[in-house]
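Here is the structure we will look at, set down as structure tokens.
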Amino acid sequence: GLVGSEMCIRDSLEAVMLCITKELENNIEYIEYTGYKKEDIIFFDIETTGFSPETTILYMIGCIYYQQNRLICTQWFSDSKDAQKDVLVAFMEFIDKYKLLVCYNGLGFDIPYLQKKCRMYGLAYSIEQMAVLDIYKQLQPYRSILHTPNLKQKSIETFLGINREDKYNGGELIDIYLKYLENRSNENFNLLTLHNREDLIGMTSLLSMLSYRIVYNGGFTIENIEKISYNSAERAPGTEIVFSIKLSTPVPKRISFGNESTYFSMYADTASLTVKAHTDELKYFYPNYKDYYYLPQEDTAIHKSIAFYVDKNFRTRAKAANCYSKKTGCFLPQYDEVITPYFKIDYYDRITYFEFTDELKNNPDEIKKYILHIMTHLTEQHA
């Protein structure tokens with residue numbers, strides 16, 4: 001919603017830049033996820049007639065920022081093809097007082113584009129030394145679990161249930177801008193500024209998506225661990241370990257993913273990891289097999305220092321694949337060697353297991369390390 005507006009025009013002989021400033025009724029939630037104070041942050045988005053700075057027009061740069069506790073949107077608009085430099089200078093001078101630039105794919109497009117434009121005009125401004133929060137880059141590692149068709153800003157807005165008044169994409173607006181240059185139609189001008197403003201307002205709403213990153217960075221505590229054994233008509237007998245988790249920041253939408261032995265879900269400020277336990281016998285493989293003998297009748301390996309007690313006919317030199325001892329217990333799978341000692345079903349297996357003991361259950365640091373490992377593995381597996 002718009003509360004008020006003002007317009008100023010900078011005139012030069014060959015160029016006209018419009019500056020549109022509006023106070024917004026919106027407020028920015030989850031600004032604390034950025035790690036900066038709200039008055040130190042500025043959101044920005046650029047509109048161009050294409051990808052190459054050398055051959056295209058930079059026709060608008062828009063910003064959203066706080067000023068005396070009011071949320072303001074300022075847009076610098078090239079009312080002629082020759083006003084790009086004025087737009088660039090106005091924006092670069094304006095952002096100088098802010099500590100954090102927030103953008104969506106700005107590191108991939110907007111910032112390199114602006115830097116090249118500065119060089120083209122011989123301007124010494126540089127964005128590279130500023131702190132930048134690119135929401136798109138922050139979401140990239142979690143793309144596979146968001147179940148969105150892509151990571152375009154509008155797709156993430158749809159995921160969050162945000163509806164826009166603006167129905168155009170950046171490509172369609174190029175023609176609208178070129179037509180505007182011919183006839184200066186108010187309708188086209190309003191379509192152009194609306195799209196940019198809604199991109200900016202939408203971007204502020206996407207801050208809630210940073211909560212997923214916070215979870216993956218360990219922003220949670222373990223509330224409860226439960227061992228559940230089942231044997232029913234619907235399911236084969238088995239055992240599961242369920243980790244109940246409290247998130248430090250609520251996530252905006254439920255997300256769940258898993259594989260044949262693990263299942264993770266998070267919703268609001270809670271999450272749950274269910275892991276299928278292995279309760280059969282597993283093997284612990286000794287690393288230095290040359291120091292061991294294998295006893296075929298007992299299917300186990302013993303160290304050479306005690307092997308003289310065993311008849312030579314009942315022992316053979318151990319190989320890597322049979323240099324083990326066996327253990328029965330409750331084991332959980334892991335895809336890297338996160339918790340040791342680890343066990344295997346067979347020597348060549350890539351999945352290893354660790355024994356889930358009461359001692360481990362009461363070690364929150366180790367449990368957290370394991371949960372993060374499973375989350376990361378599942379996310380990479382879905383990619």
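The values are calculated or read from the model by the stated rules, or taken from the named source; none is laboratory data. Note that the coordinates shown come from a computational prediction; the quantities given were computed from them, not determined experimentally. Ideal geometry is used to build each Cβ from the backbone, glycine not excepted, and the neighbour counts take in all protein chains shown. Side chains are part of the model used for accessible areas, which takes the heavy atoms of the whole protein and leaves out ligands, DNA and RNA. Shrake-Rupley method; radii C 1.70, N 1.55, O 1.52, S 1.80 Å.
Filtered by the rule that a residue be surrounded by fewer than 21 Cβ atoms within 10 Å (Cβ to Cβ), touching a residue at least 40 places away in the same chain (Cβ under 8 Å) and among the hydrophobic types (A, V, I, L, M, F, W, C), segment 261-286 gives Ala277, Phe285.
Within segment 238-258, being farther than 20 Å from Glu223 by Cβ and surrounded by fewer than 15 Cβ atoms within 10 Å (Cβ to Cβ) holds for one residue alone: Gly238.
Regarding Glu226, is this residue under 30 Å from Ser80 (Cβ atoms) and either in a helix (DSSP H, G or I) or acidic (Asp, Glu) (or both)? No, not satisfied.
Any residue in segment 219-241 that's within 21 Å of Phe331 (Cβ to Cβ) and modelled with pLDDT of 90 or more: show its pairings with residues that are of a type outside the set (A, V, I, L, M, F, W, C) and loosely packed, with under 11 Cβ neighbours inside 10 Å at Cβ separation under 9 Å, as long as the two are six or more apart or on different chains. Final answer for the pair search is Ser229/Pro237; Gly238/Asn231; Glu240/Glu226; Ile241/Glu226.
Residue selection: Asp346 satisfies the criterion of being in a loop (DSSP other than H, G, I, E, B), touching a residue at least 12 places away in the same chain (Cβ under 8 Å) and over 24 Å from the mean Cα position of the chain (by Cα). Out of all the residues in segment 365-374, is one or more open to solvent by less than 30 Å² (accessible area, probe 1.4 Å) and part of a loop (DSSP other than H, G, I, E, B)? There is no residue in segment 365-374 that is open to solvent by less than 30 Å² (accessible area, probe 1.4 Å) and part of a loop (DSSP other than H, G, I, E, B). Please determine whether any residue of segment 69-92 is part of a strand (DSSP E or B), open to solvent by 50 Å² or more (accessible area, probe 1.4 Å) and touching a residue at least 12 places away in the same chain (Cβ under 8 Å). There is at least one residue in segment 69-92 that is part of a strand (DSSP E or B), open to solvent by 50 Å² or more (accessible area, probe 1.4 Å) and touching a residue at least 12 places away in the same chain (Cβ under 8 Å). Of the residues making up segment 116-156, those that are under 17 Å from Glu93 (Cα atoms), open to solvent by less than 80 Å² (accessible area, probe 1.4 Å) and at pLDDT 95 or above are Lys117, Cys118, Tyr121, Gly122, Leu123, Ala131, Val132.
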